Amino acid sequence: MSSEEIENRFASAGWDLDGSFGGHLVIGYSGDGVSMLAHKEYWGTEDPLFELLDHDEMVSHWVGEVPTPQQARELLQEHGQPPQVWEQG
């Protein structure tokens with residue numbers, strides 16, 4: 001799935017798009033402290049993963065489908081964990 005296809009799915013699900021990291025992330029946000037990220041390493045894969053983030057509660061959750069912002073909030077409330085720190089090495 002290309003970044004353009006991901007952007008279209010995010011928009012269709014009701015996310016606003018933030019293009020500030022266009023070469024690295026596709027970011028959808030809902031205006032209530034919840035966002036959805038498509039990391040570049042998952043672009044072009046058949047089964048992409050997306051990271052949901054609750055910036056107020058500082059929790060995240062990974063999903064394989066694009067939920068609506070309301071569904072994302074519910075998933076984060078039920079399954080959210082502190083975000084993992086990525087180590088490169």
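Coordinate-derived values only; no laboratory data. These numbers were taken from a predicted model, which means no experiment stands behind them. Cβ placement follows ideal geometry from the backbone for every residue including glycine, while neighbour counts extend to all protein chains displayed.
Would you mind calculating the relative contact order of region 3-79 from Cα pairs under 8 angstrom and at least 6 residues apart, reporting the percent as a whole number?
Here the relative contact order equals 24 percent.
Using only DSSP helix segments of four residues or longer, with each worth -39500 (n - 2.57), what per-residue ellipticity at 222 nm results for the chain after dividing by its residue count and rounding to 500?
-7000 deg cm²/dmol
For ASP18 paired with HIS39, estimate the spin-label separation in nm (one decimal), with each label point 7 Å from Cα along the Cα-to-Cβ line.
It is 1.7 nm.
Under a point spin-label approximation (7 Å from Cα along Cα-to-Cβ), what is the ASP32-THR68 distance to one decimal in nm?
It works out to 1.1 nm between the two label points.
Share of Cα-Cα pairs in the chain beyond 21 Å, in percent?
24 percent
Full-extension gain between GLN84 and LEU49, please, as 0.36 nm times their residue separation minus the C-alpha to C-alpha distance.
Numbers: separation 35, 0.36 × 35 = 12.60 nm, distance 1.47 nm.
Between GLN84 and LEU49, full extension yields an extra 11.1 nm.
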